[in-house]
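The structure appears right after this line, and notes come after that.
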Amino acid sequence: MVDITINGKQMTVPRGITILKAAKMAGIDIPTLCYHPDQFVKANCRVCIVEVEGDKSLPSSCSHEVRDGMVIHTNSRRVLEARKVILELLLANHDADCLTCHRNLNCELQKIANQAGVRVNRFENVLEKLPVDFSSPSIVRNSNKCVKCGRCVDICREVQGLNIVEKIGRSGDIEVMPTFGKYLSDVACVGCGQCSTVCPVAAIYEKEEIEEVWEAINDPEKHVIVQTAPAVRVSIGEEFGMEPGSVATGQLVSSLRRLGFDKVFDTDFTADLTIIEEGNELLKRMKTGGVLPMLTSCSPGWINFIEQYYPDLLPHVSSCKSPQQMFGALAKTYYAEKAGIAPENIFCVSIMPCTAKKFEAGRSEMRVDGQHRDVDAVLTTRELGRMLKQAGIDFTQLEDEEYDDPFGITTGAAVIFGASGGVMEAALRTVYEVVTGKPLLRLNFHTIRGLGGIKEAEVDLDGTIVKVAVAHSLSNAREMMERIRAGKAEYQFIEVMCCPGGCIGGGGQPYHTTDDIRMKRIVSTYQVDEELPLRKSHENPAVKRLYSEYLVEPLGEKSHHLLHTHYVNRKK
Amino acid sequence: MKTKSELTKSILTARCGKIDPASIDDYIKAGGYKALKKALKMTQMDIVEEVRASKLRGRGGAGFPSGAKMEAVLNTEETPKYLVCNADEGEPGNFKDKYLMENDPYQLIEGMTIAAYAMGMVKGFIYIRGEYNRPIDLVSMALKKAGEKGFIGKNILGSDFSFDVEVRSGAGAYICGEEFALIESLEGKAGRPRNKPPYPTISGIYNKPTLINNVETFSNLPYILNEGAEKFAAVGTESSTGTRLVSLSGNVNNKGVFEVPFGVSVREIIDVLGEGVSGGREIKMVQIGGASGPCLPDSMLDIHMDYDVFARNSLSMGAGAVIVIDERFDVLEIVRQIMKFFKHESCGKCTPCREGNRQLLRILYKFISFTATRQDLALLESLCSVMVQTSFCGLGQAAPTALLSTLKYFREEYTSRIVEEMNA
């Protein structure tokens, strides 16, 4: 422990912590910009500078550790002036059209500039405007907003292992962009949007589809239905100041009704359906000597990864569409028939924790009639938050409501799709019972839960030991693919999720996501699972009805047409 | 007035111009490799002690005691340890490392080998400025010849000490002279500085303990080992022992590299070694150290080349450049050229340096064009001070040095161009 003084307050703090952390313990929030709790300390922005008595320079508090006897001032005249100058410098090279910006009122730069009392910029604006990159269907990159903090570079390299964006050039010419200044569509970006969740400003954000959704809702010809992904219920509350991990399923449903959606459905339904199809596919592969290990296919960022980086391993990927696309296919067929509405008049929206879903929904493979999109628009959790704010809906005050039939009944198995390991756990619950005919006594597979990089489990199917593994984030996915290539992945089934922690940590989730917040969303996810009466996909009565009324059997003719897809080598 | 020979002292440059720099036999005949042979019979700690006793300080600019740095690396348990020679010499106005490499490359290699032996290193790098074609060729060839003679490589001179050196060079960025940016560049990455601490002595190249020194610093080691610390320390002054290589340029009659004992004055260097200002003109100012150094007025030129004297005046000698600017030149125009350099060479990592340099330049334009206001002067001073106090690395911290020194010593050049003052 060391003794320090911060703004006159004497305190004893652990040795080795940063001045920033020590100040937090003293109840002082030093403004930061490039700092992110889950990332390497970059100390680029110099916003978090403090004065240390006896020190001629003003050290950055994010990178400097406390020393015994240190006397720190976080708001001295020197600090305040320096911080103001630094913020003015940043703003002088920034497209500060705050009123029309995606991040208006939700921008870290705006917040700290206001906090520092920047009222006039003494520097001339030096911004040389560059074209905004709209080439990706998932994310938009606007260099004119970039503050060169490097958070996106860090997450793309360290978490996803991709290096899509990098700091190019030097001095005032520095830009954060794909190598050689290419457009996102020209490089092997997977559209996961992790960069957009850590961007403090609107330099990288999801391609917004709110206007299209409003237009459909207000079109009297259109029957507008919406599906909500498992991971949205545990995160949407954060958009309205609720505690991370708050479960807001009922309010999510009522908020969507207030927006004007004709029917509110749950992607969880098709998550259960995925388990039936994927589980049967696994059993078929195991029985018939098919390609193993089989890889899950729910995560479009992951599909983009394997199609672009490991196309040789595509035969390992389950042919099942993702729950979003199974839903879209059924909406435009089964549901259209049942409700007596022409498919072209159905506008199908999904609320996803994900930016890669926007790409997936636009794929040519995802059109059951070969022409029209099955899913017409994809909104991220953040976009839904903005849309509700546009509509003036006070989310926190809403009463709980129930999902509509026929895609409203859900199981705990479907809910846990939102967390890394959840698809695998759901599959094991069903595969065990289908194969052995015996009830599974212990439903919880703890070894494949949580934020560990690569997780494993074994299950005994009446003498046949099935080994499974779970990987999340693409650096772990890459390691798993290398193991498969080397013949060292002795598993039958592997779940891969593109984003850290799975969909609860998706690229479309609320800003300020950290590992702590991911854990809270995970805990809530499993809590919802525990509390549901049905916790196994094959027990979902609506799914059973779907098979008896329409699909006939898993992996059957109809399933093949509606619920399964194929993949393309898109190596760049 | 002292004579040239009274003002100079040949320690590092004793062989320069007298031997064929490409010939290892010439080097050996002129006393080369005696120091290494001696060193191999000494203990590691004895060598470090000898360097410490010599009070040698780093010649790159910071002037850190070399013995203490070596001891820090020696005492680090982590292995392997690396040796790096900073031969980037990107600071405008400096060309003395080039001179040493072109005239006595073996002396540098011998110095590095002694240092490597003293700290138990098997691998070293010489990072030579990309534009230095001749030094790159000469040093590479010298390494090859030294290897053939057993002075470098496996089991040096029959001992169980092995040490290899690789020549590397960057793409010419000024920032790569900063020790961590240089290390990043050596690792194959873009040259940008790292957080300190940890310092390279603890975690340098490949996050291993690394001793990184300037060419001139390493080149001093053979002399110290041969002649002893006491004899070395007798040269120069109490706080600054040995000699300093001065790169003298600008408006003087005799430009070049001169080896002077510490303690000589800047004026002596200009008047005697430089043979005075060209055309007999008056001096406007002299920039010390290079582009990142202060510009001193004529009245301050009696200052002695001495680390402590400079520090007492809040100045730095940098790498020893002396750039003479005569009366014909406009102070602000010179400062503008210097700031253009920093605007171009900032690596762009941190806000104050990336955005600050170009804003300094913009404000400077206002003074140059007689459109500045009193607020501009206040902003100029505030921005300089913020850059000095908050920039991530030495580049941004030192970029405003020349500007600040002219604000101090040539303030009228600025105030006379302020609109309100002109109209007053």
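The values are calculated or read from the model by the stated rules, or taken from the named source; none is laboratory data. Model, not experiment: these values are computed from the prediction. Note that we place each Cβ from the backbone using ideal geometry, even for glycine, and neighbour counts take in every protein chain shown.
Okay, here's what the table says:
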{"read-out": "Of all residues making up segment B:180-228, the number that are modelled with pLDDT of 95 or more, at positive phi and either among the small types (G, A, S) or surrounded by 19 or more Cβ atoms within 10 Å (Cβ to Cβ) (or both)", "value": "1"}
{"read-out": "Among residues of segment B:348-365, those that are free of Cβ contacts under 8 Å to residues at least 12 places away in the same chain and under 20 Å from B:R411 (Cα atoms), counted", "value": "1"}
{"read-out": "Options A:C98, A:C107, A:C45: the member that is crowded, with 23+ Cβ neighbours inside 10 Å and at pLDDT 95 or above", "value": "A:C45"}
{"read-out": "Verdict on A:V435 being in a helix (DSSP H, G or I), surrounded by 24 or more Cβ atoms within 10 Å (Cβ to Cβ) and touching a residue at least 24 places away in the same chain (Cβ under 8 Å)", "value": "no"}
{"read-out": "Residue count, segment A:3-46 (criterion: touching a Lys or Arg at 6+ places or on another chain (Cβ under 6 Å) and either part of a strand (DSSP E or B) or touching a residue at least 24 places away in the same chain (Cβ under 8 Å) (or both))", "value": "3"}
{"read-out": "Any hit, segment B:53-64, residues being over 15 Å from B:N213 (Cα atoms) and touching a Lys or Arg at 6+ places or on another chain (Cβ under 7 Å)", "value": "no"}
{"read-out": "Residue within segment B:348-367 that is modelled with pLDDT of 95 or more, under 25 Å from the mean Cα position of the chain (by Cα) and polar (S, T, N, Q) present", "value": "yes"}
{"read-out": "Every residue from segment B:53-70 that is without any contact (Cβ under 8 Å) to a residue 24 or more places away in the chain and assigned to a helix (DSSP H, G or I)", "value": "B:G67, B:A68"}
{"read-out": "Every residue from segment B:109-165 that is more than 28 Å from B:A68 (Cβ to Cβ) and outside any helix (DSSP H, G or I)", "value": "B:G130, B:E131, B:Y132, B:K149, B:G150, B:G153, B:K154, B:N155"}
{"read-out": "Residue satisfying condition, being in contact with a Gly (Cβ under 9 Å, 6 or more places away or on another chain) and under 20 Å from A:G172 (Cα atoms), within set B:M339, B:M387", "value": "B:M387"}
{"read-out": "Pick from segment A:278-299, criterion part of a loop (DSSP other than H, G, I, E, B) and β-branched (V, I, T), ranking: nearest to A:C354 (Cα to Cα)", "value": "A:T296"}
{"read-out": "Cβ-Cβ under 7 Å pairs, at least 6 apart or on other chains, segment B:380-395 side within 7 Å of chain A (Cβ to nearest Cβ), far side β-branched (V, I, T)", "value": "B:S382/A:V85; B:L383/A:V85; B:V386/A:V85; B:V386/A:I86; B:T390/A:I49; B:T390/A:I86"}
{"read-out": "Test: B:A311 is at pLDDT below 95, part of a helix (DSSP H, G or I) and either surrounded by fewer than 19 Cβ atoms within 10 Å (Cβ to Cβ) or not basic (K, R) (or both)", "value": "yes"}
{"read-out": "B:K144 free of Cβ contacts under 8 Å to residues at least 12 places away in the same chain and more than 14 Å from every other protein chain (Cβ to nearest Cβ)", "value": "yes"}
{"read-out": "Looking only at segment A:145-185, and only at residues there that are within 14 Å of chain B (Cβ to nearest Cβ), at positive phi and under 23 Å from the mean Cα position of the chain (by Cα), the one that is surrounded by the fewest Cβ atoms within 10 Å (Cβ to Cβ)", "value": "A:N163"}
{"read-out": "Conditions (1) under 23 Å from B:R192 (Cα atoms); (2) without any contact (Cβ under 8 Å) to a residue 12 or more places away in the chain; (3) touching a His at 6+ places or on another chain (Cβ under 9 Å); number of the one not met by A:S57", "value": "(3)"}
{"read-out": "Qualifying position, being crowded, with 24+ Cβ neighbours inside 10 Å and assigned to a helix (DSSP H, G or I), among B:R336, B:R354", "value": "B:R354"}
{"read-out": "Considering residues of segment A:22-42 that are in contact with a strand residue (DSSP E or B) (Cβ under 9 Å, 6 or more places away or on another chain) and more than 14 Å from every other protein chain (Cβ to nearest Cβ) only, the residue surrounded by the fewest Cβ atoms within 10 Å (Cβ to Cβ)", "value": "A:G27"}
{"read-out": "From B:T13, B:T43, residue being β-branched (V, I, T) and within 30 Å of B:G394 (Cβ to Cβ)", "value": "B:T13"}
{"read-out": "Checking A:G463 against (1) out of contact with any Phe, Trp or Tyr (no Cβ under 6 Å at 6 or more places or on another chain); (2) among the small types (G, A, S); (3) surrounded by 14 or more Cβ atoms within 10 Å (Cβ to Cβ), the condition it does not meet", "value": "(3)"}
{"read-out": "Matching residues, segment A:121-144, being among the acidic types (D, E) and either surrounded by fewer than 19 Cβ atoms within 10 Å (Cβ to Cβ) or in a loop (DSSP other than H, G, I, E, B) (or both)", "value": "A:E124, A:E128"}
{"read-out": "Verdict on A:L546 being in a helix (DSSP H, G or I), modelled with pLDDT of 95 or more and surrounded by 16 or more Cβ atoms within 10 Å (Cβ to Cβ)", "value": "yes"}
{"read-out": "Residue that is farthest from the other protein chains (Cβ to nearest Cβ) [pool: residues in segment B:310-347 that are on the phi > 0 side of the Ramachandran plot and either of a type in the set (A, V, I, L, M) or in contact (Cβ under 8 Å) with a residue 60 or more places away in the chain (or both)]", "value": "B:G320"}
{"read-out": "Condition met for B:K38 (touching a residue at least 12 places away in the same chain (Cβ under 8 Å) and either within 29 Å of B:M305 (Cβ to Cβ) or under 20 Å from the mean Cα position of the chain (by Cα) (or both))", "value": "no"}
{"read-out": "Filter result for the condition that a residue is at pLDDT 95 or above, touching a helix residue (DSSP H, G or I) at 6+ places or on another chain (Cβ under 7 Å), under 25 Å from A:M326 (Cβ atoms) and surrounded by fewer than 16 Cβ atoms within 10 Å (Cβ to Cβ), over A:V528, A:V568", "value": "A:V568"}
{"read-out": "Selection from segment B:37-52 of residues that are over 30 Å from B:A321 (Cα atoms), basic (K, R) and not in a loop (DSSP other than H, G, I, E, B)", "value": "B:K37, B:K38"}
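Matching residues to (1) part of a helix (DSSP H, G or I); (2) within 14 Å of chain B (Cβ to nearest Cβ):
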| site | (1), (2) |
| --- | --- |
| A:V79 | yes, yes |
| A:I86 | yes, yes |
| A:L90 | yes, yes |
| A:N93 | no, yes |
| A:L99 | yes, no |
| A:R103 | no, no |
| A:L109 | yes, yes |
| A:A113 | yes, yes |
| A:R119 | no, no |
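Here is a yes/no grid of residues against (1) assigned to a helix (DSSP H, G or I); (2) surrounded by fewer than 20 Cβ atoms within 10 Å (Cβ to Cβ):
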position: A:F305; (1), (2): yes, no
position: A:Q308; (1), (2): yes, yes
position: A:L314; (1), (2): yes, yes
position: A:M326; (1), (2): yes, no
position: A:T333; (1), (2): yes, yes
position: A:C348; (1), (2): no, no
position: A:I351; (1), (2): no, no
